[in-house]
1. Once you list every other residue whose beta carbon is under 10 Å from the beta carbon of Leu225, what net charge do they have if Lys and Arg are +1 and Asp and Glu are -1?
2. Give a residue-ordered list of calculated ³J(HN,Hα) values for the range 106-112 (Karplus: 6.51 cos²θ - 1.76 cosθ + 1.60, θ = phi - 60°; whole Hz; x for Gly, Pro).
3. Show me, for the range 286-293, the HN-Hα J-couplings you get by feeding each phi into the Karplus relation (A = 6.51, B = -1.76, C = 1.60, θ = phi - 60°), rounded to Hz, glycine and proline as x.
4. Only Cα pairs under 8 Å and at least 6 apart count here; give the relative contact order of the chain as a rounded whole percent.
5. Please work out the ratio of the alpha-carbon Rg of the range 49-347 to 2.2 N^0.38 Å and round it to two decimals.
6. Binning every alpha carbon pair distance of the range 28-183 at 5 Å from zero, what are the percents per bin?
7. Excluding Arg149 itself, what net charge comes from residues whose Cβ is under 14 Å from its Cβ, given Lys and Arg +1 and Asp and Glu -1?
8. I'd like the Karplus ³J(HN,Hα) series for the range 113-120: coefficients 6.51, -1.76, 1.60, θ = phi - 60°, whole numbers in Hz, and an x wherever there's a Gly or Pro.
Amino acid sequence: MRRFLLLSLAGAGFTALVASGPASASGPCPPPPECPPAPLPVRFEPRTVTFFMTENRTEFHDVQRTVFRQVPEVQEREVRETVMVPCWRDEVRERIKMVPQVHMETRRRTVVHTDYRDEERERTVLTPVTEEVERSYKVRVPEVREEERTRTVLVPGVREEERERAVTTVRCVPEVVCKPVVKDVHVAVCGCDPCTGCGFTSCATVRQIGEEAVTVNRRVAETHLEHYTAAVPCLRPEEQTVKVCVPSSHEEVRTESVPVTTLKPRTEVCKVRVPVRREEIETYEVPVTELVPQKEVYHERVPDSRAEVRTRKVAETVYKTVAEVVTERVPYTTCVKVPCQVRVWAPCGCP
């Protein structure tokens, strides 16, 4: 708070100093006022301020209390109750039923009979009459005429053509080859006479393998170009004159006799059977069925129920009140003053 007051005073002095600056350049300059003494510069220094704050603290105490609780207890007791037991009973009842009865009844009805009588009547009949009538009609008669026409036909021919082909020939080339040969060689052999003990030299034939130069003909394939004449089939155009049969037709008028049938009316007399109706009254008997009420006695089993007293055991729960001492932790709040330090900036020289 003190710091805020000092800052407010310093701001007010600076505002007054600015307000007392030079006047507007439009008017004459007033005489300079007496200048107040210059204010001293304000310096701030950090200080630690200690103050006390009120703090609420919660503590717990053990308190013994008496609690009443409901303890369940199961007991058995007998219960008498009335139960309706289903049963059947016989009952005599009466009912009226309709019994059909048949009796013969005489009735009368009108019957229509049909009789026939012969009558002579005249009628007009259309009789067909056939007559031969000559009629003319046109017919298209086909005909064929020959015409000479020219056509171009492709005739097969053969032409000769010079061609080249690659031919491979084989010729024999002599070549010297070394082959292994078995030869008989005469070798000096030293020996000792077993009778006299003197040594001697004799000549023996030994087979040895050596090499011998042999001339062999090797086949070498050579390819060269060969010119030959080939016959190539071709088609050449050729004009031919042929005779063609051209179909045509011309009209002819012909006459033929056609049978024409016409109907001519003719009157004739014929006999006709004409139906005549006559009515007769006829008596006949009809079986008639009637329903007659009749009383009937019958036995019926009717469902019923009777009251019956029964005893049964029932489990019943009873609650008893039991006192119990319980220790509980009860919280309570107290106010405690706690010192608190704050670091602030204050001008120098202020207490």
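We did not get these values from a lab; they are worked out from the coordinates using the rules stated. Everything numeric here is computed off the predicted structure, so don't read it as measured data. All Cβ positions, even for glycine, are placed from backbone atoms using ideal geometry, and neighbour counts span all protein chains on display.
1. Numbers: positive: Arg165; negative: Glu164, Glu226.
For residues surrounding Leu225, the net value is -1.
2. For the range 106-112, the Karplus-derived couplings read 8, 10, 10, 8, 9, 10, 9 Hz, x marking Gly and Pro.
3. So the Karplus estimates, Gly and Pro as x, are 10, x, 10, 9, 10, 9, 10, x Hz.
4. Details: 602 pairs, mean separation 157.0, N = 351.
For the chain, the relative contact order is 45 percent.
5. So the range 49-347 has a normalised radius of gyration of 4.02.
6. With a bin width of 5 Å, the distribution comes to 1, 2, 2, 2, 2, 2, 2, 2, 2, 2, 2, 2, 2, 2, 2, 2, 2, 2, 2, 2, 2, 2, 3, 3, 3, 6, 8, 8, 7, 6, 3, 2, 2, 1, 0, 0.
7. Working: positive: Arg145, Arg151, Lys243; negative: Glu146, Glu147, Glu148, Glu239.
Here the charged neighbours net out to -1.
8. The phi angles translate into 10, 10, 10, 10, 10, 8, 9, 9 Hz.
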